[in-house]
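The values are calculated or read from the model by the stated rules, or taken from the named source; none is laboratory data. These figures come from a predicted structure and were not determined experimentally. Quick reminder, even Gly has a Cβ in these numbers, built from the backbone with ideal geometry, and neighbours come from all protein chains shown. Each accessible area value is taken on the protein alone, full model and side chains, heavy atoms only, with ligands, DNA and RNA left out. Shrake-Rupley method; radii C 1.70, N 1.55, O 1.52, S 1.80 Å.
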Amino acid sequence: MSIKYLAEKRAWFIETATTAYVFGVEEGNKLLHYYWGTRLPNQTDYPGVGPLPNQYVYDTHEAAYEYLGWGGINYTEPDLKVTFADDVRDLVLFYHDYDLTENNVSSELKVVLKDAYYPFQVNLFYRVFNDSEIIERWASVLNLGDTPTRIEQISSGTLHLPSPGEGGYRLTHLAGRWGAEFQVNRTNITDGKKSLESRRGHTSNEATPWFALDYAGPGRAGADEDQGQVWFGGLGWSGNWLVTVEQSTYLKGKGVRVSSGINPFDFSWNLKPGQSFETPVLSFGYTSEGFGEASRLFHRYQLRHILPAEFAGKPRPVLYNSWEPIQFDVTEQSQMDLAEVAARMGAELFVIDDGWFGARDSDHAGLGDWFVSPTKLPNGLKPIIEHVHALGMEFGIWIEPEMVNPDSDLYRAHPDWVYYFPTRSRTERRQQLVLNLSRTDVQAYLFEALDKLLSENAISFVKWDYNRPVSEPGWPEAPSAEQREMWVRSAQGFYNLLDRLRAAHPQVSWESCSSGGGRVDLGVLRRADQVWTSDNTDPYDRLFIQEGYTLAYAPRTMFCWVVDTPHWLGKRDTSLTYRFHSSMLGGLGIGGHISNWSEEEKTTARGLVEEYKQIRHLVQDGLIYRHLSPRDGSYTAVSYVREDRLEAVLFVLTLGRRLALPPAQVRLKGLNPTTLYRVEGVGEPFTLSGAALMQHGLNFGHLKYDFDSAKIYLSALEPGK
Ligand code: GLA
């Protein structure tokens, strides 16, 4: 890992163990992109630096600018668009200076650009870590003048992909909806723009800011799980975001560009004299080993450099959550009864979901009033927490701070604390409105209320929900030049509130939830230790949701509950073992009405929780290998391999046996070929080399029926055995 500067070419080389990203200053003093792909042996090997010309420069209005200010003759997606105080809307950025810093963890480059005329500066930042293949970039802008400048569009950066030759690029992205988040979508890139975005005020259940591009052409298949070039990235932003993949008719055959950052839709920022504005971080990587390796590189980066360090190295506890069985019917007795059964099953964390506060008898009232319901829990939370602790579990709780029900004390006292336009009605979703976290008094109220809750009760886990998108985004109390800052200020307000609570209560770990998986991105994952993946807890549907999720995000963050059968959504009936195996693919939770489970079911569950605890270090900290995709047929097969290759666990689940399909044959991946592994879980245990397991694989003829499953554990024999 290093960042180097070559003075005679005025070029920078950002290199990881296998990847290089290169750009430089052209004669006109503008910053041009040169290369992103496999690391090459010499600096002069890179086009634009040595004998090979920069492949992108062939027409100034389509040049591959490293960070494009909207000005001059440019028609591709700009990174930055501003209006100066004199109404000039033309930004001309020239290279000014750079600074390179290094420590034993990372290297950071700052490249300074300045406008040709106005006292306006743009800093581009790049960072690489010595134990990661992922590169980070972001930008900040500074108003050095004495009049305000209006920012109308600002991205974290544009990434230029190399020429696909005769072929074309293909975009893989994750899209869906409530109950069906993270569905894998693949589309060919043609001339024009493909935008992935949120305009909803949160990351959204409909899409997540992650992309992967590969290309296919004559004689070249596209990438698959195990081979092929993949360029991928993700944006760390939980507000309105945008990823634009653009192929202009001029760029055709010359590459494709991806820009990502804050969504310019309805956005504007009044940058006052002396102020600066910083974008979210765009994290990106490249591999020639397919989508599987792209996921593994991104996951490892998340474990090492994104997830909060306090909990990133520790096992995620097996949790019990009472939402599905209890809903709003929270009583001391019902919680204590469930806690007893959960503890006997081996749960380590007991979480009370919605319904414990204010007048929260249903979703019609109470949001905003963050005090324990005096009618439902007259003794407060303490007796339940003590009971949970006595049973050997930690205690967790649900909150939804950014929301308010009109039927609440908070709203009655402060009807102006929500987003609204004075002449328009306030559209409710789930009988709730969105609090205006752009306001510091709203943030202060929430900090005080939640700080009190966490100070007065021994809470070690919080599920933080966000159950509706923003509408009527008015902030009439703000100066008109600043009202559209609310989209960004809301996300900043959320981060700020969570950061303050995290600092004040470092023992608490956090789960990000938004009607299921509506707030998952690299920004929230810097603060939340795990995610509620989807409200859809059906173990079969979950295989599709979870596959998409793990393309981008680390399995240790993906929480999966075992619930009752038949499932409430589609009435699908599945065995307890199948439900457990589906949930063991990430962080394990139980969310069923376990008091009603038979003794036999409770015993089976206890055994399966124990089995999970034996292998959770592989799921949570290992390397994921996807073998059979639920999208391709009748099986899902996924394995998790310890980084030193000494242990692995493989899960195989049937979806629905159809048309006498042959049984699944799964060839393991990522093992050490010469190591002997003991294989447990298919018949009597036996021993086989890594090579045999990877070349020939294992046959799952015994999985004959719908919703059948197996868990195989592989462990390296000690030398000599
Ligand atoms: C959202 C969450 C659920 C649950 C409910 C409570 O829908 O996704 O898990 O917490 O809110 O109201």
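Some points to look at:
- Scanning the range 122-169 for residues that are hydroxyl-bearing (S, T, Y), at pLDDT 95 or above and crowded, with 22+ Cβ neighbours inside 10 Å yields S132, T149, S155, S156, T158.
- Of the residues making up the range 513-540, those that are of a type in the set (S, T, N, Q) and outside any loop (DSSP other than H, G, I, E, B) are S514, Q530, S534.
To keep it simple, each residue is scored yes or no on (1) in a loop (DSSP other than H, G, I, E, B); (2) away from the ligand (no atom under 16 Å from the Cβ); (3) in contact with a Ser or Thr (Cβ under 8 Å, 6 or more places away or on another chain); (4) not hydroxyl-bearing (S, T, Y).
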| position | (1), (2), (3), (4) |
| --- | --- |
| A449 | no, yes, no, yes |
| K463 | no, no, no, yes |
| P469 | yes, no, yes, yes |
| A478 | yes, yes, yes, yes |
| Q483 | no, yes, no, yes |
| G493 | no, yes, yes, yes |
| L498 | no, yes, no, yes |
| P506 | yes, yes, no, yes |
| E511 | no, no, no, yes |
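- Filter result for the condition that a residue is open to solvent by 10 Å² or more (accessible area, probe 1.4 Å), β-branched (V, I, T) and part of a loop (DSSP other than H, G, I, E, B), over T577, T565: T565
- Which numbered condition D441 misses (of (1) in a loop (DSSP other than H, G, I, E, B); (2) open to solvent by 40 Å² or more (accessible area, probe 1.4 Å)): (1)
- Considered as a group, the residues in the range 624-671 that are at pLDDT below 95 and small (G, A, S) include one that is farthest from the chain's Cα centre (by Cα), and that residue is A660.
- Qualifying residue in the range 655-663 (condition: surrounded by 20 or more Cβ atoms within 10 Å (Cβ to Cβ), closer than 20 Å to L585 by Cα and not acidic (D, E)): no
- In this entry, E472 passes the filter for residues that are over 23 Å from C513 (Cβ atoms) and either open to solvent by less than 60 Å² (accessible area, probe 1.4 Å) or at pLDDT 95 or above (or both).
- Test for A691: is it open to solvent by 30 Å² or more (accessible area, probe 1.4 Å), in contact with a Ser or Thr (Cβ under 8 Å, 6 or more places away or on another chain) and not assigned by TED's automatic domain parsing to the domain that holds S295: yes
- Index of the failed condition, F232 passing every other in (1) open to solvent by 10 Å² or more (accessible area, probe 1.4 Å); (2) closer than 25 Å to E136 by Cα; (3) assigned to a strand (DSSP E or B): (1)
- Options G71, G37, G28; residue that is open to solvent by less than 20 Å² (accessible area, probe 1.4 Å) and farther than 29 Å from T287 by Cβ: G71
- Elements of the type helices (runs of 4 or more DSSP H) sitting completely within the range 297-381 and holding at least 1 residues that are away from the ligand (no atom under 16 Å from the Cβ): these cover 309-312, 332-345.
- Identity of the residue in the range 694-712, among the polar types (S, T, N, Q) and modelled with pLDDT of 95 or more, that ends up surrounded by the most Cβ atoms within 10 Å (Cβ to Cβ): S709
- Residues satisfying the criterion are absent from the range 418-435 (criterion: assigned to a loop (DSSP other than H, G, I, E, B), closer than 24 Å to L338 by Cβ and modelled with pLDDT of 95 or more).
- Among (1) surrounded by fewer than 22 Cβ atoms within 10 Å (Cβ to Cβ); (2) under 17 Å from T208 (Cα atoms) - the single one V508 does not satisfy: (2)
- Qualifying residue in the range 44-59 (condition: crowded, with 18+ Cβ neighbours inside 10 Å, not in a loop (DSSP other than H, G, I, E, B) and not β-branched (V, I, T)): no
- Filter result for S455 (within 16 Å of the ligand (Cβ to nearest atom) and open to solvent by 10 Å² or more (accessible area, probe 1.4 Å)): no
- Selection over the range 382-423 of residues that are closer than 24 Å to Q335 by Cβ and within 15 Å of the ligand (Cβ to nearest atom) gives a count of 9.
- The single condition among (1) part of a loop (DSSP other than H, G, I, E, B); (2) closer than 30 Å to K272 by Cβ; (3) open to solvent by 20 Å² or more (accessible area, probe 1.4 Å) that G201 does not meet is (3).
- Residue in the range 392-414 that is open to solvent by 30 Å² or more (accessible area, probe 1.4 Å) and under 28 Å from the mean Cα position of the chain (by Cα) present: yes
Here's the yes/no breakdown for (1) closer than 18 Å to H61 by Cα; (2) acidic (D, E); (3) outside any strand (DSSP E or B):
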| site | (1), (2), (3) |
| --- | --- |
| T249 | yes, no, yes |
| G261 | no, no, no |
| P264 | no, no, yes |
| P273 | no, no, yes |
| F277 | no, no, no |
| P280 | no, no, yes |
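- Restricting the range 587-637 to residues that are among the acidic types (D, E) and under 27 Å from Y553 (Cα atoms), the residue that is surrounded by the most Cβ atoms within 10 Å (Cβ to Cβ) is D621.
- Here A528, A554 are screened, and the one residue that is among the small types (G, A, S) and within 16 Å of the ligand (Cβ to nearest atom) is A528.
- Condition met for E386 (free of Cβ contacts under 8 Å to residues at least 24 places away in the same chain and acidic (D, E)): yes
- Within the range 511-531, residues that are open to solvent by 10 Å² or more (accessible area, probe 1.4 Å) sit with their Cβ atoms under 6 Å from residues that are more than 11 Å from the ligand (Cβ to nearest atom), at 6+ positions apart or across chains, in these pairs: R526/I306; R527/L498.
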